[in-house]
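What follows is a short report on a single structure.
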Amino acid sequence: MSLQWVWFALVGVLLAIYAATGGYDLGIGVLYPFLARSDAEKGVLRQSIGPVWDGNQVWLLVLGGALFGAFPLAYADALSAFYLAVMLILFGLILRAVSLEFHGHGSPVLKEVFDAGIFLGSLLPALLFGVAVGNLVEGIGMRAGRGGPQTTSSGLFSLLTPYTLLVGLAGLAVFLVMGSSWAALKTEGDLQRRSVAARSAMQIVLFVLVVALTALTAVNDIAKEQLSNGLGGPAGWIMLAVLIGGLVYARWGMLKKDDWQAFVGAVVTVAGLAGVGAAGLYPDLIRSDSGDGLAVTVSNAASGHLTLVLMLVVALIAVPVVLAYSIYVNRVFSGRIAPQDLEY
Amino acid sequence: MSALLLDRLQFAFTIGFHFIFAPLSIGLSVLLVLAERRYYRSGLEVDRHASSFWLKLLVATVAIGVATGVPMEFSFGTNWSSYSRFVGGVFGAPLAIEGLLAFFLESTFIGVLIFGRKRVSKRFYYLSAWLVTIGAHLSAVWILVANSWQQTPAGYEVVDGRAELTSVWSAVINYSTVPRILHTVFAAWVIGAFVVISISAYYILKGKHLQFAHRSLPSAIVVGLVAAVMMPVIGHWSAVIVSTHQPAKLAAMEGLYRSRDGAPLYLLGWVDTGGERVIGPYLPNMLSALADLDPYSEVKGLDAFEGSTPPVQIVFQSWHLMVALGMLFVLVMLIAGWLLWRRRLAYHRWFLWIMVVAVPLPWVATMAGWSTAEVGRQPWVVYNLMRTSQGASPTVTATQVASTLSLFVLIYALLFIAWMWVVTGIVRKGPDKVPVEVPHGAGVALAEAGAGAAAAGAPKEVTS
């Protein structure tokens with residue numbers, strides 16, 4: 001088991017942690033105008049992610065840094081190939097961050113602008129992350145380049161195919177399941193009842209989309225061929241089991257009205273989805289769509305031995321510490337939020 | 001316009017905008033810790049309100065800093081993919097480490113500061129303020145490690161067209177890392193101190209929130225004084241390293257076109273780029289003396305770096321502007337320190353007014369110093385290894401960059417307006433008022449200062 005493999009797994013883990021933490025606050029952002037019926041309820045939803053969304057987003061930055069350091073070719077090629085999509089994600093994240101933080105300072109009109117900013121700024125990333133993953137599965141234009149294979153396109157519309165859009169919708173759906181599960185866990189009264197209903201409905205939508213995606217993958221020659229390498233192995237089956245286990249565990253939690261279990265199930269679901277994608281890609285990180293076998297792989301994209309060792313040592317020390325204090329702080333803010341508890 | 005030029009404009013604009021807020025976050029975080037420390041020790045309501053006030057300012061600033069920092073993490077891949085492919089093995093690691101060690105601390109514990117006053121103990125709250133400050137500083141450390149490696153690369157070898165790490169220590173503590181970190185962090189402290197002093201001075205002049213203002217001023221003046229006085233010392237250290245490792249940059253800083261013994265140092269001037277000379281007053285032999293401790297030593301001119309020289313006028317002017325402002329800050333902070341020590345600050349309204357309006361200057365100095373460093377590095381993106389022109393993403397078109405750059409300009413302009421609006425709102429509202437309570441010991445100084453302000457024409461009522 002080489003260091004490069006370890007780093008591929010670690011990048012996968014970072015992706016899963018971001019999806020699990022950033023996922024529910026993106027979901028809250030998209031559901032925000034639909035779940036909340038009054039300013040007080042909106043305040044409750046904002047406060048439910050207020051203390052944590054910024055920390056959650058750091059996982060995305062760490063994921064970017066880890067990819068840059070461990071697999072520079074993948075970082076450079078994916079980000080430049082998805083240029084406009086990445087920029088839309090970034091503009092979304094900017095809009096969202098400022099809307100969440102400045103909401104308390106706004107006049108009534110500005111508050112509505114910030115409300116729209118929270119929704120749009122969450123929707124763009126929640127949808128486009130999946131579209132990007134779909135493109136990684138289908139493959140993108142590549143050519144041989146200096147120091148390794150290089151991507152050739154950078155447009156937006158070339159990224160949008162029925163298949164990639166479906167992956168995008170599935171990604172959005174899983175974030176919505178997570179968001180509504182979080183809302184069901186953190187709120188009270190009518191808002192909580194609406195969140196429970198949304199949670200159940202969104203999980204059914206997600207299930208349908210996952211089935212449709214599986215069917216479309218089976219008839220999509222490119223995607224099928226691409227995925228069959230990795231998914232045939234034990235890692236693929238384990239990840240598939242995690243995905244199904246997450247769906248079942250969440251549904252079980254919903255049925256017995258255990259909000260905490262439903263949320264954990266949603267987290268496991270998104271980790272399973274990320275895992276299935278990662279297992280399907282391995283050992284490639286980005287591959288060509290034209291069957292010429294060109295690919296940015298775990299071995300040709302990886303940095304040198306010393307870089308990987310350095311980053312691994314730092315990660316092994318820092319990640320547990322970060323998880324420990326994040327969980328501690330999350331516990332400080334645990335419990336349901338009532339409108340009269342609003343602090344900011 | 002070419003894609004390359006647009007890539008450069010977009011990077012300069014987005015990082016420059018981000019750098020309005022990043023140093024203020026660092027500087028304010030130090031003063032927040034000091035404010036929270038006062039509350040931790042005194043338990044007085046006025047100190048709690050003071051800490052909450054500076055926190056509000058810090059949160060508004062960090063919000064923009066975070067929002068505009070996220071694109072930076074990805075901008076190397078989106079717009080500079082050739083650069084990223086080349087340097088990722090060395091340059092990427094500090095970015096990942098920055099996230100793990102710095103961003104988490106800052107973002108997690110600022111959440112505690114914003115939402116946790118009633119939920120955590122006073123001790124844990126104070127500790128959280130420390131952790132936010134440490135996080136902000138660690139962030140500066142790691143991004144500057146990466147930047148310093150661009151300036152003075154070390155601890156690597158080039159294998160198959162990619163830089164590979166060979167020594168962690170040499171790459172991290174490369175020739176310019178330590179002075180760059182100290183120089184930048186102290187610059188951030190000067191910015192933070194000027195903001196706190198400016199707002200406090202404004203309140204004193206208006207006769208509002210006097211107790212608050214007089215309790216915030218001393219720590220800000222001490223921080224500002226220490227940082228301002230340290231700047232020239234560390235700046236000199238930085239310049240010596242530039243003269244050794246980036247001699248073309250030094251030549252551009254002083255407009256020295258031809259190598260010569262006993263090179264002069266210009267106090268200010270205009271570079272006649274056609275005539276290849278500088279017009280302005282200078283100190284003979286001073287550049288040689290500062291660079292080598294020998295007034296007759298040879299300093300390399302731009303003629304020694306044919307084809308690899310930075311734009312001289314920009315580097316010359318930004319460098320001289322920074323030095324001039326740095327000296328001004330030393331003077332101003334010495335006066336402020338003296339008046340504070342003599343307890344006469346409130347009597348000198350002219351000086352308070354200067355402190356109110358001087359607040360943009362440390363930003364100007366910081367931007368100027370930064371331009372000196374980064375424009376002076378040109379045409380290299382990694383010094384003597386890779387040219388900026390070789391670093392851009394080959395697949396990203398000029399039209400695409402033009403459209404994203406326009407959006408950045410539009411969105412960031414709105415962000416700036418929003419931030420200014422929020423900050424002026426916070427300042428106008430002021431800290432929460434408390435019934436007058438004067439602590440033991442500090443009473444005399446406060447009463448005296450309050451009386452001073454009142455004597456100078458301020459309303460007599462004493463508010464927080």
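Chains A and B: buried accessible surface, both sides, probe 1.4 Å, rounded to 100 Å²?
On the way: alone 16170 and 21200 Å², together 31190 Å².
Summing both sides, the interface buries roughly 6200 Å².
Taking GluC sites (Glu not before Pro) that fall in a DSSP loop and have at most 12 other Cβ atoms within 10 Å as cut points, what is the longest piece of chain B between them?
On the way: sites that count: B:GLU306, B:GLU437, B:GLU461.
The longest uninterrupted stretch comes out as B:1-305.
So which aspartates and glutamates pass the test for B:LYS206, namely a Cα distance under 12 Å, with those fewer than 8 places away in the same chain ruled out?
By straight Cα distance, B:LYS206 reaches B:GLU461.
Based on the alpha-carbon gyration tensor of the range B:285-368 and its eigenvalue square roots a ≥ b ≥ c, which shape applies: rounded if a/c is under 1.5, prolate if not and a/b is larger than b/c, or oblate? If you can, show how the numbers build up before the last one.
Working: a/c = 5.81, a/b = 2.16, b/c = 2.69.
It comes out oblate by the Cα gyration axes.
Could you calculate the contour length gain from B:VAL233 to B:LEU361, that is, 0.36 nm times the residue separation minus the distance between their Cα atoms, to one decimal place in nm?
Numbers: separation 128, 0.36 × 128 = 46.08 nm, distance 1.97 nm.
Between B:VAL233 and B:LEU361, full extension yields an extra 44.1 nm.
If you take the square roots of the eigenvalues of the alpha-carbon gyration tensor of the protein assembly as shown and sort them as a ≥ b ≥ c, do you get rounded (a/c under 1.5), prolate (a/b over b/c) or oblate?
Numbers: a/c = 2.25, a/b = 1.19, b/c = 1.88.
In terms of gyration-tensor shape, oblate.
Per 10 Å bin, what is the whole-percent P(r) computed from every C-alpha pair distance within the range B:106-198?
Spelled out bin by bin, the range B:106-198 gives 15, 29, 27, 18, 9, 1 percent.
On average, how much accessible surface per residue is there in chain B, in Å², for a 1.4 Å probe, leaving out ligands, DNA and RNA?
39 Å²
Would you mind checking the radius of gyration and Dmax of the range A:13-76 based on alpha-carbon positions, in Å?
15.0, 48
Given 4 °C and 1.567 mPa s, compute D for chain A with the Stokes-Einstein relation, Rh being the Kirkwood radius over Cα pairs; round to the nearest whole µm²/s.
For these conditions, the coefficient is 63 µm²/s.
From largest accessible area down, sort A:SER200, A:SER195, A:SER290; use a 1.4 Å probe on the protein chains. Don't skip to the answer; put the middle values down first.
Values: A:SER200 35, A:SER195 0, A:SER290 75 Å².
Largest accessible area first, the residues go A:SER290, A:SER200, A:SER195.
Within 10 Å of each Cβ in peptide B:59-68, how many partner chain Cβ atoms are there on average? Round it to a whole number, please. Present the calculation step by step, with values, prior to reporting the outcome.
Values: counts 4, 4, 0, 3, 7, 5, 1, 9, 14, 4.
Mean number of neighbouring Cβ atoms from other chains: 5.
In whole angstrom, how long is each semi-axis of the equivalent ellipsoid of the range A:112-234, when you take the square root of 5 times every eigenvalue of its Cα gyration tensor and sort them from largest down? Can you show the working numbers first?
Working: eigenvalues 222, 77, 26 Å².
Values for the range A:112-234, descending: 33, 20, 11 Å.
B:SER167 to B:SER297: FRET efficiency via 1/(1 + (r/R0)^6), r the Cβ-Cβ distance, R0 41 Å, to the nearest 0.05? Provide the component values of the computation, followed by the final result.
Numbers: r = 31 Å, r/R0 = 0.75.
Between B:SER167 and B:SER297 the formula returns 0.85.
I'd like the distance separating the alpha-carbon centroids of the range A:96-148 and the range B:263-300, in whole Å.
51 Å
Counting DSSP beta bridges in the protein assembly as shown, what percent are antiparallel, to the nearest 5? Provide the component values of the computation, followed by the final result.
Numbers: 20 of 21 bridges.
Bridges in the protein assembly as shown that DSSP calls antiparallel: roughly 95 percent.
Positive end of the charge dipole of the protein assembly as shown (Lys, Arg +1 and Asp, Glu -1 on Cβ, about the Cα centre): tell me which of A:PHE333, A:VAL98, B:TRP341 has its Cα farthest that way.
Most positive-ward Cα: B:TRP341.
Under a straight-distance cross-link criterion of Cα-Cα below 26 Å, which lysines are reachable from B:LYS122, leaving out those fewer than 8 residues away in the same chain?
In chain and number order, the partners are A:LYS186, B:LYS56, B:LYS429, B:LYS433.
Enter the per residue convex hull volume of the range B:221-271, computed from alpha-carbon coordinates, in Å³ rounded to the nearest integer. List each step's numbers first, then the result.
Details: hull volume 5.1 nm³, N = 51.
Given the Cα convex hull of the range B:221-271, per-residue volume reads 101 Å³.
Once a ≥ b ≥ c are taken as the square roots of the eigenvalues of the Cα gyration tensor of the range B:313-441, is the result rounded (a/c under 1.5), prolate (a/b larger than b/c) or oblate (a/b not larger than b/c)?
Values: a/c = 3.55, a/b = 1.71, b/c = 2.07.
Judged from the Cα gyration tensor, the range B:313-441 comes out oblate (a/c at least 1.5, b/c at or above a/b).
Provide the per residue accessible area, probe 1.4 Å, for chain A, rounded to a whole number of square angstrom. Kindly include the intermediate steps, with their values, before the conclusion.
Values: 13060 Å² over 344 residues.
Result: 38 Å² per residue.
Assigning unit charges at the beta carbon (Lys, Arg +1; Asp, Glu -1) and nothing else, what dipole magnitude in debye, to the nearest 20, does chain A show about its Cα centre?
Working: 18 positive and 20 negative charges, 85 e Å.
So the dipole magnitude of chain A works out to roughly 400 debye.
May I ask you to give the average projected area over all directions of the convex hull of the Cα atoms of the range A:75-172, in nm² rounded to one decimal? Present the calculation step by step, with values, prior to reporting the outcome.
Numbers: hull surface 28.5 nm².
Result: a mean projected hull area of 7.1 nm².
What is the ratio of the Cα radius of gyration of the range A:295-344 to 2.2 N^0.38 Å, where N is its residue count, to two decimals?
Details: Rg = 19.7 Å, N = 50, 2.2 N^0.38 = 9.7 Å.
For the range A:295-344, the normalised Cα radius of gyration comes out at 2.02.
Angle, helix A:3-35 long axis vs. longest principal axis of chain A, Cα atoms, 0 to 90°, nearest 10?
Orientation of helix A:3-35: about 30 degrees from the principal axis.
In the range B:11-39, which residues have a backbone nitrogen under 20 Å from the label point lying 7 Å from B:ALA402's Cα in the Cα-to-Cβ direction?
B:11-14
How far is it, in nm, from the label point at B:ALA12 to the one at A:LEU110 when both lie 7 Å from their Cα along the line to the Cβ?
3.2 nm
Starting from the Kirkwood Rh over alpha-carbon pairs, what translational D in µm² s⁻¹ does the range B:1-115 have by Stokes-Einstein at 4 °C and 1.567 mPa s? Please list the in-between numbers first.
On the way: Rh = 16.3 Å.
Value of D from the Cα-based Kirkwood radius: 80 µm²/s.
In chain B, with Lys and Arg counted as +1 and Asp and Glu as -1 at Cβ, which of these residues, B:HIS209, B:PRO247, B:VAL141, has the Cα nearest the positive end of the dipole, that is, farthest along it?
After comparing all options, I get B:HIS209.
Show that you can apply the helix-only estimate: for chain A, add -39,500 (n - 2.57) for every DSSP H stretch of four or more residues, divide by all residues, and state [θ] at 222 nm to the nearest 500. Kindly include the intermediate steps, with their values, before the conclusion.
On the way: 13 runs with 267 residues, N = 344.
Theoretical 222 nm ellipticity from helices: -27000 deg cm²/dmol.
Percent relative contact order of chain A, based on C-alpha pairs within less than 8 angstrom and at least six residues apart?
Numbers: 521 pairs, mean separation 86.4, N = 344.
Relative contact order of chain A: 25 percent.
Per q in 0.17, 0.18 Å⁻¹, report the Debye log10 I(q)/I(0) for the range B:246-396, using one uniform scatterer on each alpha carbon and no solvent.
-0.97, -1.04
To make sure I understand the rule: partners must be aspartates and glutamates, Cα under 19 Å from the Cα of B:LYS118, and not fewer than 8 residues away in the same chain. Which ones qualify?
A:ASP341, A:GLU343, B:GLU36, B:GLU45, B:ASP47, B:ASP432
Can you tell me which of B:185-195, B:328-338, A:70-80 comes out highest on packing, and rank the rest after it, using the mean Cβ neighbours within 10 Å? Don't skip to the answer; put the middle values down first.
Working: B:185-195: 26.0, B:328-338: 17.9, A:70-80: 29.0.
Descending mean neighbour count gives A:70-80, B:185-195, B:328-338.
Hey, can you grab everything whose amide H is under 5 Å from the amide H of B:ASN285? Only 5+ residues off in sequence or another chain; H modelled, so Pro and N-termini drop out.
So B:ASN285 has HN proximity to B:LEU265.
What do you get for Rg/Rh of the range B:175-215 when both radii come from the Cα atoms and Rh is the Kirkwood radius?
Details: Rg = 15.2 Å, Rh = 11.7 Å.
That ratio equals 1.30.
Over chain B, calculate the relative contact order: mean separation of alpha carbon pairs under 8 Å at least 6 apart, over the residue count, as a percent. All intermediate terms of the calculation are to be shown ahead of the outcome.
Details: 715 pairs, mean separation 98.0, N = 464.
Result for chain B is 21 percent.
Whole number please: convex hull volume per residue, Cα atoms of chain B, in Å³. Display every interim value, and only then the final one.
Numbers: hull volume 72.5 nm³, N = 464.
In chain B, the Cα hull volume divided by residue count equals 156 Å³.
Suppose each label sits 7 Å from its Cα in the direction of the beta carbon; what would the B:LEU385-B:TRP421 distance come out to in nanometres?
Roughly 4.5 nm, to one decimal.
Order the following by accessible area, largest value first: A:ARG96, B:ARG180, B:ARG123, B:ARG387. Probe radius 1.4 Å; ligands, DNA and RNA are ignored. Don't jump to the answer; show the numbers that get you there.
Values: A:ARG96 5, B:ARG180 35, B:ARG123 165, B:ARG387 75 Å².
The ordering from most to least exposed comes out as B:ARG123, B:ARG387, B:ARG180, A:ARG96.
Provide a whole-number value for the mean count of partner chain Cβ atoms within 10 Å of the Cβ atoms in peptide A:202-208.
On the way: counts 0, 0, 0, 0, 0, 0, 0.
Going residue by residue through A:202-208 and averaging, the value is 0.
If amide hydrogens are placed 1.01 Å from N in the peptide plane, which non-local residues have theirs closer than 5 Å to the one on B:VAL381?
The list, which skips near neighbours in sequence, is B:MET386, B:ARG387, B:THR388.
Inside 10 Å of the C-beta atoms of B:166-178, what's the mean count of C-beta atoms belonging to other chains? Provide the component values of the computation, followed by the final result.
Details: counts 3, 1, 5, 0, 0, 3, 1, 0, 0, 0, 0, 0, 0.
So the per-residue partner count for this stretch is 1.
For helix B:104-115, report the angle its Cα long axis makes with the longest principal axis of the Cα atoms of chain B; keep it between 0 and 90° and round to the nearest 10°.
Once rounded, the angle reads 20 degrees.
The values are calculated or read from the model by the stated rules, or taken from the named source; none is laboratory data. Predicted model only: the values in this text are computed from it and were never measured. Reconstructed Cβ throughout: ideal geometry from the backbone, glycine too, with neighbour counts over all protein chains shown. Accessible surface areas use protein heavy atoms only, side chains included; no ligands, DNA or RNA. Shrake-Rupley method; radii C 1.70, N 1.55, O 1.52, S 1.80 Å.
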